[in-house]
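What follows is a short report on a single structure.
The values are calculated or read from the model by the stated rules, or taken from the named source; none is laboratory data. Since the model is a prediction, treat every value here as computed from it, not as a measurement. Every residue, glycine as well, gets a Cβ built from its backbone with ideal geometry; the counts of neighbours run over all protein chains shown.
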Amino acid sequence: MSKIISASLGGMPWEEKPTGSAAPVWRYSRNPIIKRDAQPNSNSIFNSAVIPYKDGYAGVFRCDSKSVSMDIFAGASSDGLNWSINNEPIQFEGDAEVIKREYRYDPRVCLLEGKYYITWCNGYHGPTIGIGYTEDFKTFRQLENAFLPYNRNGVLFPRKINGYYAMLSRPSDTGHTPFGDIFYSTSPDLTFWGRHRFVMGTVASDDSAWQSKKIGPGPVPIETDEGWLLIYHGVINTCNGFVYRIGCALLDLDEPWKVLLRSKNYILGPQEIYECVGDVPNVTFPCAALTDADTGRIALYYGCADTVTSVAFTTIDELVDYMKRYPLRTDR
Ligand code: BMA
């Protein structure tokens with residue numbers, strides 16, 4: 001039995017695993033929870049992040065508009081499943097050069113030292129990692145971009161590690177990056193990032209081909225007594241383009257660039273119609289997870305086909321057992 005180190009969240013969204021299912025992750029029966037036009041001006045709402053807040057939940061949502069401009073919007077929910085999303089995007093306060101907006105997408109939200117930090121893919125002469133924070137989901141302050149372009153998928157750890165703030169990210173390029181490995185970086189102050197370490201990369205052979213083209217961190221890593229549970233996306237290139245699936249790994253608690261376990265099999269991939277059909281077909285892209293320390297339950301929020309948002313369920317034991325049953329060599 002593995003133990004999640006987090007708060008109790010007894011009321012979080014949950015459904016039991018369907019009888020007879022062999023899958024380590026199972027979908028909410030009423031997916032997708034957020035439709036593409038849940039906002040008057042939205043073309044699509046996906047790749048979004050949620051977090052417990054006060055008596056309910058808050059979220060930061062990627063909403064692409066009907067002019068197909070990518071931005072991030074705050075939202076609220078009492079149950080984690082029914083959301084109301086603001087009609088106006090988040091406006092950040094901060095240094096005038098840094099808050100200039102080119103585009104914003106794929107947010108993550110991390111509770112760190114009492115503040116809700118948002119990281120996202122931020123356009124600044126190419127994609128990089130934007131960082132901001134809020135304490136009330138009404139006013140937002142933006143810090144310096146974490147890295148030079150080009151980088152995507154910046155995900156903070158929820159506490160300092162060995163005295164430093166820590167982040168996973170995926171260096172990339174200007175376009176639809178045809179490569180990508182996960183790196184670990186640290187910072188004394190959330191402004192200056194360095195001491196970069198390679199965590200893990202793609203799998204070049206057909207050993208685990210679903211993650212052969214690129215990988216990137218998903219939700220904020222989940223602390224357990226056995227290590228950091230990292231849920232990530234992995235991509236294969238096919239004759240019909242990229243397919244995005246979801247996998248998991250366990251990283252060392254004190255030296256998170258050391259991979260203890262990694263799944264050879266994906267844990268969720270495009271299968272339902274809302275995952276296979278949309279603006280970009282065959283994409284499941286995880287950006288957030290709710291956890292309950294008492295039961296080990298995990299509710300995973302993921303974007304589907306770059307169009308809608310869904311939830312799936314699992315437990316820490318399901319994922320650790322699955323990684324042990326279908327292990328990938330971790331010395332690569
Ligand atoms: C990635 C990102 C994601 C998107 C995915 C599939 O490069 O842009 O936002 O979900 O491509 O289109």
Enumeration of residues in the range 312-332 that are out of contact with any Leu (no Cβ under 9 Å at 6 or more places or on another chain) and of a type in the set (Lys, Arg) | 325, 329, 332
Pairs where the first residue, in the range 232-251, is away from the ligand (no atom under 13 Å from the Cβ) and the second is of a type in the set (Asp, Glu) and modelled with pLDDT of 95 or more, C-beta under 8 Å, 6+ apart = 250/226
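Tell me which residues, restricted to the range 223-235, are assigned to a strand (DSSP E or B) and not polar (S, T, N, Q). Break it down into steps so the answer makes sense when it comes.
Restricting attention to the range 223-235, the residues satisfying the condition of being assigned to a strand (DSSP E or B) are 223-224, 227-235.
Once the filter is applied, which keeps residues that are assigned to a strand (DSSP E or B) and not polar (S, T, N, Q), the range 223-235 yields 223, 227, 228, 229, 230, 231, 232, 233, 234, 235.
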Among the residues of the range 252-282, count how many are in contact with a helix residue (DSSP H, G or I) (Cβ under 6 Å, 6 or more places away or on another chain), at negative phi and within 16 Å of the ligand (Cβ to nearest atom).
-> 2
Does at least one position in the range 119-129 carry a residue that is surrounded by fewer than 22 Cβ atoms within 10 Å (Cβ to Cβ) and closer than 23 Å to residue 254 by Cα?
-> no
Selected residue [in a loop (DSSP other than H, G, I, E, B), touching a Leu at 6+ places or on another chain (Cβ under 9 Å) and crowded, with 23+ Cβ neighbours inside 10 Å] from 203, 220, 155 | 220
Residues of the range 291-306 that turn out to be hydroxyl-bearing (Ser, Thr, Tyr) and either more than 16 Å from the ligand (Cβ to nearest atom) or surrounded by fewer than 24 Cβ atoms within 10 Å (Cβ to Cβ) (or both), as a count | 2
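Considering only strands (runs of 3 or more DSSP E) fully contained in the range 64-135, which possess at least 2 residues that are modelled with pLDDT of 95 or more, of a type in the set (Lys, Arg) and under 22 Å from residue 284 (Cα atoms)? Give the steps one after another, and end with the answer.
Values: elements: 70-77, 104-112, 115-123, 127-134.
Where strands (runs of 3 or more DSSP E) fall fully within the range 64-135 and carry at least 2 residues being modelled with pLDDT of 95 or more, of a type in the set (Lys, Arg) and under 22 Å from residue 284 (Cα atoms), they are 104-112.
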Please find, among 294, 279, 306, the residue that is assigned to a loop (DSSP other than H, G, I, E, B) and within 20 Å of residue 226 (Cβ to Cβ).
-> 294
Matching option when the condition is under 24 Å from residue 289 (Cα atoms), within 16 Å of the ligand (Cβ to nearest atom) and assigned to a loop (DSSP other than H, G, I, E, B), among 180, 175 | 180
